[in-house]
């Protein structure tokens, strides 16, 4: 366990340093970027190590895999649903998670609103935008996001805090810089403060382009 702890500690320190350097290049406060540790492929042991190291935001994409970690984690944490959510799972998602970072269709927003209302809570959400236009990606298009946000603003129990996107997986992250820039422009246009973009392979470019949340999995556990 000490070996695992040391490896994750060193990986985390390296990532935090890179986030700080990217923020400095963009003349942004490093503490304006939140690191979401994506723990969907690791066990409770890794979650507990990250909690011990001060991480408080965790991303999971399946209710079944996340339940045990959420219920067993000792320290307070914010749990983000980052995967595509089926309508029939919305009750469990609202019960287990603190926020949903992957609202990719109006039907889901409406179902989450209903379940949050039944639970007597307000569910913070991010709305997913398919900026790149890839067929394999979920989310609204840049052309349809305005009408979707207008509809979601009428719902009582979800609170849209920002936008999220996933860039194409490429060897050179500079190629996807325009994707991140476009999401920032859309978030600014609609007055949304949160921009969740950037993963292990491209988070520095995302930070330079205005990410407020980066989702890091692989780089933490290699």
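Quick note: the coordinates plus some simple rules give every number you see, no bench work behind them. Because the structure is a prediction, the values reported are computed rather than measured. No Cβ is skipped: glycine too gets one built from the backbone with ideal geometry, and neighbour counts run over all protein chains shown.
Okay, here's what the table says:
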{"read-out": "Rg followed by Dmax, in Å, when the stretch 74-157 is reduced to its Cα trace", "value": "13.0, 43"}
{"read-out": "Square roots of five times the Cα gyration tensor eigenvalues for the stretch 108-156, Å", "value": "24, 12, 7"}
{"read-out": "Förster-model FRET efficiency, 35 Å R0, residue 219 and residue 188, C-beta, rounded to 0.05", "value": "0.80"}
{"read-out": "Over the stretch 23-96: Kirkwood hydrodynamic radius from C-alpha pairwise inverse distances, Å", "value": "13.4"}
{"read-out": "Three-way shape call for the stretch 1-132 based on the alpha-carbon gyration tensor, with the a/c threshold at 1.5", "value": "oblate"}
{"read-out": "Ranked by how many other beta carbons lie within 10 Å on average, peptides 169-178, 202-211 from highest", "value": "202-211, 169-178"}
{"read-out": "Exposure proxy ranking, count of Cβ atoms within 10 Å, fewest first, for 222, 47", "value": "222, 47"}
{"read-out": "Viscosity 1.567 mPa s, temperature 4 °C, Stokes-Einstein D of the stretch 110-222 from Kirkwood C-alpha radius, µm²/s", "value": "88"}
{"read-out": "Cα pair count fraction exceeding 26 Å, expressed as % - the chain", "value": "35"}
{"read-out": "Burial ordering of 184, 156, fewest other beta-carbon atoms within 10 Å first", "value": "156, 184"}
{"read-out": "Whole-number percent relative contact order across the stretch 2-221, with pairs defined as alpha carbons under 8 Å at least 6 apart", "value": "20"}
